[in-house]
Amino acid sequence: MAEYSIQQLAKLSGVTTRTLRWYDTLGLLKPQRAAENGYRRYTQADVDRLQDILFYRALGVELRSIKACLDDPSFDRLAALRRHLQALEHQRAELDGLIQSVKDTIEAQERDQPMSNEKKFEAFKRRAAAENEAKYGREVREKYGEQEAKDAQETFLGLSEEQYAAFETLGKTLQAKLEEAVKAGQSPEEAAGREIAELHRDWLRVPDRHYTPRRHRGIAQLYVMDERFTAYYDKDVPGCAKFLCDAVQHWIL
C-alpha cells in the first residue's frame, strides 16, 4: 500500500506542510512514523481522513468539531459524504441564484427598466433559506416533522420586501439587546429578559405561521443544546445563547 511523506501529501492535496504539521499537533491527522528516521509517513487511511477534513473545512466547520466527529466510533463516512454533497448542492444553488440576480439587475439597468422590489430580494431570501437548511434542516425535521419544515421554508421564501426587512432588523436588534444585557450582568428574569424574549417571539413569528409558546420554548432550548446555535449567538459575547434560552423559558408561557 502506498505511503506518502509530508512533502508528497502536501503536493497531492494542495495543503501546506505547515498545515499538516499543525493537524498532527492537534491530533486531527496523526501519521505513522518511520522507525529508521522518525519522519512522518501518511497511509491511505490518512489520505482519506485528510479528504474528510478538507470537506468539513470547506463547509466552515471548526477543527475541534471536525476532530470530535471523525474520532466518534459511530462516524459513518458514507453518510457524512452524502451530507457534504447536500450542503454543497445548496451552496451551488445559492451561488446560482445570486449570479442570476446580478445578471437580471445588469439587464434591467442596461434597458433602463425598473426591476420589481420582490425580485431584488429573492436571491437573498433563497440564500438565507439555503443556509438555514444546510445548518439546521435535519434537526428541524427530526423535532417538528417534514411538512412543518417545508411549510416554514415556503413561508420564508414568500416574505414580502417589508416582511424580510423586518425579519432582518428584528434579528439584529435581538442580538444587540442580548449582548448588552449579558455585558451588563442582567438577569433573564428582569425587564431586559422579558424584552428580549418578546423580541425573539416577534422574530420567530415573521416566517413561522405555526407559532406556539411551546414551540418557542423548544426552539430556545436548542440554542444551548446544539453548539452551532450557541456559537451563532455567542460569537461576540459568550453567554448570549443561555440568556436567551433562560429568558424565553421564564417569560414565554
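Data table
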{"quantity": "Inter-residue pairs, beta-carbon under 9 Å, first among the acidic types (Asp, Glu) and in region 14-37, second open to solvent by 20 Å² or more (accessible area, probe 1.4 Å) and at pLDDT 90 or above, 6+ apart", "calculated": "Asp24/Lys30"}
{"quantity": "Flag if Ala87 is open to solvent by less than 70 Å² (accessible area, probe 1.4 Å) and either over 30 Å from Phe229 (Cβ atoms) or more than 17 Å from the chain's Cα centre (by Cα) (or both)", "calculated": "no"}
{"quantity": "Every pair of residues 6+ apart whose Cβ atoms lie under 6 Å, when the first sits in region 178-199 and is within 11 Å of His250 (Cβ to Cβ) and modelled with pLDDT of 95 or more while the second is acidic (Asp, Glu) and open to solvent by less than 70 Å² (accessible area, probe 1.4 Å)", "calculated": "Pro188/Asp246"}
{"quantity": "Output for region 1-13, where each listed residue is closer than 14 Å to Leu54 by Cβ and either touching a residue at least 40 places away in the same chain (Cβ under 8 Å) or open to solvent by 50 Å² or more (accessible area, probe 1.4 Å) (or both)", "calculated": "Leu9, Leu12, Ser13"}
{"quantity": "Pair list, Cβ under 7 Å, 6 or more apart: region 214-242 residue over 22 Å from Glu198 (Cβ atoms), other residue open to solvent by 90 Å² or more (accessible area, probe 1.4 Å) and part of a helix (DSSP H, G or I)", "calculated": "Arg228/Lys135"}
{"quantity": "Qualifying residue in region 96-111 (condition: in a loop (DSSP other than H, G, I, E, B) and open to solvent by 90 Å² or more (accessible area, probe 1.4 Å))", "calculated": "yes"}
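The values are calculated or read from the model by the stated rules, or taken from the named source; none is laboratory data. Since the structure is predicted, the reported quantities are computational estimates derived from the model, not experimental observations. Ideal geometry is used to build each Cβ from the backbone, glycine not excepted, and the neighbour counts take in all protein chains shown. Just so you know, the surface numbers come from the protein's heavy atoms only, side chains and all, with ligands and any DNA or RNA stripped out. Shrake-Rupley method; radii C 1.70, N 1.55, O 1.52, S 1.80 Å.
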